[in-house]
1. For segment 292-324: of the residues being small (Gly, Ala, Ser) and under 30 Å from Glu84 (Cβ atoms), which is surrounded by the fewest Cβ atoms within 10 Å (Cβ to Cβ)?
2. Which ones in segment 348-384 are part of a loop (DSSP other than H, G, I, E, B), buried (at least 16 other Cβ atoms within 10 Å of the Cβ) and modelled with pLDDT of 80 or more?
3. Does Lys87 meet the test of being more than 22 Å from Asn175 (Cα to Cα) and open to solvent by 50 Å² or more (accessible area, probe 1.4 Å)?
4. Would you tally the residues in segment 80-105 being over 21 Å from the mean Cα position of the chain (by Cα) and of a type in the set (D, E, K, R)?
5. Given the residues Ile290, Ile304, Ile246, which is the only one that is of a type in the set (A, V, I, L, M) and without any contact (Cβ under 8 Å) to a residue 24 or more places away in the chain?
6. Just checking, how many residues over segment 97-113 are closer than 20 Å to Gln320 by Cβ and surrounded by fewer than 16 Cβ atoms within 10 Å (Cβ to Cβ)?
7. When only residues in segment 252-282 that are touching a Leu at 6+ places or on another chain (Cβ under 7 Å) and β-branched (Val, Ile, Thr) count, which is least open to solvent (accessible area, probe 1.4 Å)?
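The values are calculated or read from the model by the stated rules, or taken from the named source; none is laboratory data. Given the structure is predicted, the values throughout are model-derived calculations rather than measurements. Cβ coordinates were reconstructed from backbone atoms using ideal geometry, including for glycine residues, and neighbour counts include every protein chain displayed. SASA here: full protein model, heavy atoms, side chains in, ligands and nucleic acids out. Shrake-Rupley method; radii C 1.70, N 1.55, O 1.52, S 1.80 Å.
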Amino acid sequence: ISMVGMAQLSNGTLLSTLPLSPPVDDDLATLNQETVAMKYAFIDRKLRKPLHELEDLLCVSFLALSLTESSSVLLPTSTSLLIENMKVMGDRCSWAILIYQAKSIQHARSVCENSDIRSAAVQCNSVSEAFLNLQKKGLQIPRILLYREILPISSNYQRLLIVSSDVSLNKFDPNEFLKLVHCSFFPHAPPILAQPLLQNNYPCPQYGEGDINHNFFFTSPWSAYNSSSTLASACGMISQRAMFSIDGEFFQWFVRRVLAPRKLQLAALRYESDIGLERTWCVAARAFTINVLRLHKGHVPCLIITSKGTSVQLTLTVEQEQLQKLIAQKKIQLVTNKTNENYRGNSDRERAVLQQFKELYPNWCLKDNAMEYTNPIGEVGYSFKKSKRAHRRCVTQRELQKIHKAK
């Protein structure tokens, strides 16, 4: 794919209409990309002077709206699920809604005008029309491009809680989750990345269920492992597919600097995958905490909350059902078009993007033979720190704010 001028995908879509990163400064172009990203981390920190005190927590939802009429009346829509999740979170966070799939800009705006959404959201908008057109043509937009869309609003918050549109918080306790995130390893600072366990209520292989290296994302292996005595554990990988919490400063740096290379964004868009991201950010978080935040080496960069009261449910929505049908159709098309020079099977497409991460970040992106060492309940799980309670002397940022307001 050409990096100059009107770069085009194989389907003829003009990438010049999409908000991709500008080229890297000439004086940094010859440096190792990890060095470039870390250099910018120090520069950004010196320039980062908030005009006001940062808010505590921003909840983010990437929302896909139905493109066609559904015959199912039993399945919830992503919009109805979002409204229920807003009620569960209550006043624990403000909401930013990014609609990345809709029939039109007007369709997206009509959802933002919903009274329940408007009352809780500090921002609700859609991606550009160019992105919407890609989605309508069946091209899936990877998260590494969607994250860029929420950079301005997220800069006002200390942490983000990013919730996928097919996740239900019906049985989720936000107070317990946030307490364990902040206080599991007190007096160390909270982790850079954290996620709850997943309860998979319908077949959804893209979340990694059944993969022995990623089984620690789900509730059942933990029940067999320790009968709930462990409430939180360090881990070597965090999934972006369902729900996760991330430090606000790290999010700004990671999206603006680590995910910035244009060839990475173009590959992710062309092959509809950003699989290497999850292999990269925990090691990048370790480098960030040691070199930039100057935190003690005992700090845990990536944490999984294993308490039963904080697990979330994956719910089959109308939009998710439509997506699964689209994926099945595209698989058939790929098989029948093997003679096309642009043909790549699913695994080949993912490897093409993963290879970009490996080349750009050879020390941060986990190698294939290192995946088994990310699992805190695997054969090497004993090496990961675990917590059985939230420290009594720990006070969360929200609790501190309440104390200050009371005074």
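1. First, pick out the residues of segment 292-324 that are small (Gly, Ala, Ser): 298, 307, 309, 311.
Right, trim to under 30 Å from Glu84 (Cβ atoms) and you get 307, 309, 311.
On the way: Ser307: 20, Gly309: 15, Ser311: 19.
Only one residue fits best here, namely Gly309.
2. If we filter segment 348-384 for residues that are part of a loop (DSSP other than H, G, I, E, B), which is where we start, we get 361-367, 375-380, 384.
With buried (at least 16 other Cβ atoms within 10 Å of the Cβ) added as a condition, the list becomes 361, 364-366, 375-378, 384.
Tyr361, Trp364, Cys365, Leu366, Asn375, Pro376, Ile377, Phe384, listed by residue number.
3. Details: more than 22 Å from Asn175 (Cα to Cα): no; open to solvent by 50 Å² or more (accessible area, probe 1.4 Å): yes.
No: the conditions fail for Lys87.
4. Residues in segment 80-105 being over 21 Å from the mean Cα position of the chain (by Cα) and of a type in the set (D, E, K, R): 3 in total.
5. Numbers: Ile304 fails: without any contact (Cβ under 8 Å) to a residue 24 or more places away in the chain; Ile246 fails: without any contact (Cβ under 8 Å) to a residue 24 or more places away in the chain.
That would be Ile290, the only listed residue that is of a type in the set (A, V, I, L, M) and without any contact (Cβ under 8 Å) to a residue 24 or more places away in the chain.
6. Here is the first cut: in segment 97-113, the ones closer than 20 Å to Gln320 by Cβ are 97-103, 107-108, 111.
If we keep only those that are surrounded by fewer than 16 Cβ atoms within 10 Å (Cβ to Cβ) too, we end up with 103.
Qualifying residue count for the region: 1.
7. It comes out as Val255.
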